[in-house]
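S.K.: Handing you this structure, nothing more for now.
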Amino acid sequence: MLVIMAKAPRLGAVKTRLVPGLSPEAVTDFYCCLLHDTLTLARSLGDVEVAIMCPDSDVGELAELAGSKTIVVAQKGEGLAAGLTSVFAHFAGDRPRPTIAFNSDSPHLPASVLEAAFETVEAHDLVVGPTHDGGYYLVGAKSSHPTLFAGDGMGTSSALERLLSRARTLKLSVGFAETFYDVDVADDLTRLAAELRVAPARAPRTASWLKEWESGAARLQTATEAL
C-alpha cells in the first residue's frame with residue numbers, strides 16, 4: 001500500500017514557503033501539477049495499491065481530483081504527525097502489511113526508489129527516505145506504531161533525527177531509501193526545473209508548468225532590463 005500525504009490545492013494552504021517568490025495562485029497551480037504527477041508515479045508501480053490520506057475537510061476535493069481508482073481517507077487529528085499516525089492505524093492496524101506514506105511533492109523520484117523501499121520494509125520494521133534538509137519524504141512500516149510520530153518537529157531540520165530517536169526507543173529496526181529532495185523552497189524549485197528540462201518525462205505536467213514559469217520569468221527579466 002502506497003499512501004500519498006496530500007492537501008486540497010487551495011490558495012494559501014499548500015507550499016506556502018514558495019511565496020512570495022511565486023504568487024499564491026501560481027503556487028496552487030504548481031501543487032496541482034506535483035500531485036497529479038505523484039499519483040501517476042504511484043500508479044506506475046503495478047500491483048501496489050494507492051491511496052491518499054488528507055485532512056477531513058479535503059476529502060471531497062481530493063477524491064474528485066484523484067478519480068475513482070484511488071481511495072481518499074480522512075486523517076484523525078490535525079497536522080502531519082496525526083496524518084502519518086492515521087496512515088498506519090488505518091492501513092496496517094488490523095493486519096500487518098507493508099505500507100509506505102509518501103509525500104506529494106516528489107513526483108520526480110525514480111520509481112525504482114519506491115520499489116526498493118517496499119523491499120526494504122519487508123526486511124525491517126521501518127523504512128525511511130531521508131531528505132537533504134533533515135526531513136524525510138517517505139516512511140514505511142508493516143504495523144502501526146502509535147507513538148512513532150508523537151511530539152513536535154515535523155517539517156523541521158530535526159524531523160528525521162526525532163523519528164529515528166523514537167524508532168530506537170521503540171526498538172524498531174530501520175532501513176533507508178535513497179536520500180532525495182522534495183520541493184519546499186525556491187532553491188528546490190530551481191533544482192527541479194533544471195532536472196526536468198533534461199528529463200521532462202519524469203514528471204510531465206510539472207515539467208510543462210515549470211517550462212512556462214521559466215519562460216515568464218525570462219520575459220520579465222528582459223522587460224525589466226529594458227526599462
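S.K.: Taking H as built 1.01 Å from N, whose amide H comes closer than 5 Å to the amide H of residue 4, not counting residues under 5 places away?
M.R.: 51, 52, 53, 102
S.K.: Counting only protein chains, not ligands or nucleic acids, how are 47, 182 ordered by accessible area (probe 1.4 Å), most first?
M.R.: 47, 182
S.K.: Round to a whole angstrom and tell me the spacing of the C-alpha centers of segment 13-59 and segment 67-112.
M.R.: 13 Å
S.K.: If you don't mind, another one. What number comes out for the charge environment of residue 51, summing +1 per Lys or Arg and -1 per Asp or Glu over other residues with Cβ under 12 Å away?
M.R.: Net charge around residue 51: +1.
S.K.: Quick one: angle between helix 111-123 and the longest Cα principal axis of the chain, in degrees between 0 and 90, rounded to 10, please.
M.R.: Tilt of helix 111-123: around 20 degrees.
S.K.: Just the accessible area per residue of segment 117-176, please: how many Å² with a 1.4 Å probe?
M.R.: Value for segment 117-176: 46 Å² per residue.
S.K.: Now for a separate question. Do the alpha carbons of any pairs in 15/171; 15/76; 76/211; 15/69 sit beyond 31 Å of each other, and which pairs?
M.R.: Exceeds cut-off: 15/171; 76/211.
S.K.: Taking the 0 to 90 degree range and rounding to the nearest ten, how far is the long axis of helix 186-198 tilted relative to the main principal axis of the chain, both from C-alpha atoms?
M.R.: The helix 186-198 is inclined about 80 degrees to the chain.
S.K.: Could you give the angle, 0 to 90 degrees to the nearest 10, between helix 80-92's Cα long axis and the longest principal axis of the Cα atoms of the chain?
M.R.: Taking the Cα atoms of the chain, the angle to 80-92 is about 50 degrees.
S.K.: Given +1 on the Cβ of Lys and Arg, -1 on the Cβ of Asp and Glu, and no further charges, what dipole in debye does segment 34-132 carry about its Cα centre, rounded to the nearest 20?
M.R.: Result for segment 34-132 is approximately 120 debye, rounded to the nearest 20.
S.K.: Same structure, new question: Convert each backbone phi in segment 163-178 into a coupling constant with the Karplus relation 6.51 cos²θ - 1.76 cosθ + 1.60 (shift: θ = phi - 60°), then list the ³J(HN,Hα) values in order as whole Hz, x for Gly and Pro.
M.R.: 4, 5, 5, 5, 4, 5, 4, 7, 6, 9, 6, 10, x, 10, 8, 4
S.K.: Positive end of the dipole of the chain, charges at C-beta (+1 Lys, Arg; -1 Asp, Glu), about the Cα centre: which of 194, 137, 127 has its Cα farthest in that direction?
M.R.: Of the candidates, 127 comes out farthest on the positive side.
S.K.: Out of all Cα-Cα pairs in segment 1-49, roughly what percent, to the nearest whole number, are more than 19 Å apart?
M.R.: 34 percent
S.K.: Give a residue-ordered list of calculated ³J(HN,Hα) values for segment 65-73 (Karplus: 6.51 cos²θ - 1.76 cosθ + 1.60, θ = phi - 60°; whole Hz; x for Gly, Pro).
M.R.: Values, residue by residue: 5, 7, x, 6, 7, 10, 7, 10, 10 Hz.
S.K.: When Lys and Arg each count +1 and Asp and Glu each count -1, what net charge do the other residues less than 12 Å away from residue 72, Cβ to Cβ, add up to?
M.R.: Within the 12 Å Cβ shell, the charges total -2.
S.K.: On to the next question. Pull up the DSSP beta bridges for the chain and report the antiparallel fraction as a percent, rounded to 5.
M.R.: About 35 percent, rounded to the nearest 5.
S.K.: Which of 63, 99, 81 sits farthest toward the positive end of the charge dipole of segment 27-102, with +1 on the Cβ of Lys and Arg and -1 on the Cβ of Asp and Glu?
M.R.: Selected residue: 99.
S.K.: Within the accessible area of the chain, what % is carbon and sulfur when the probe is 1.4 Å and the other protein chains stay in place?
M.R.: Taking all protein chains in place, the chain shows 55 percent carbon and sulfur surface.
S.K.: Where does the charge balance sit around residue 167 when Lys and Arg score +1, Asp and Glu -1, over other residues with C-beta under 11 Å from its C-beta?
M.R.: Its environment carries a net charge of +2.
S.K.: With θ set to phi - 60° and the Karplus curve 6.51 cos²θ - 1.76 cosθ + 1.60, what are the ³J(HN,Hα) couplings of segment 95-102 in order, to the nearest whole Hz, using x for Gly and Pro?
M.R.: 9, x, 7, x, 9, 10, 9, 10
The values are calculated or read from the model by the stated rules, or taken from the named source; none is laboratory data. Just so we're clear, the structure is a prediction, and the values are computed from it rather than from any experiment. Counting neighbours? That spans all protein chains shown, and the Cβs are built from the backbone with ideal geometry, glycine included. Calculation scope for accessible area: heavy atoms of the full protein, side chains included, ligands and nucleic acids excluded. Shrake-Rupley method; radii C 1.70, N 1.55, O 1.52, S 1.80 Å.
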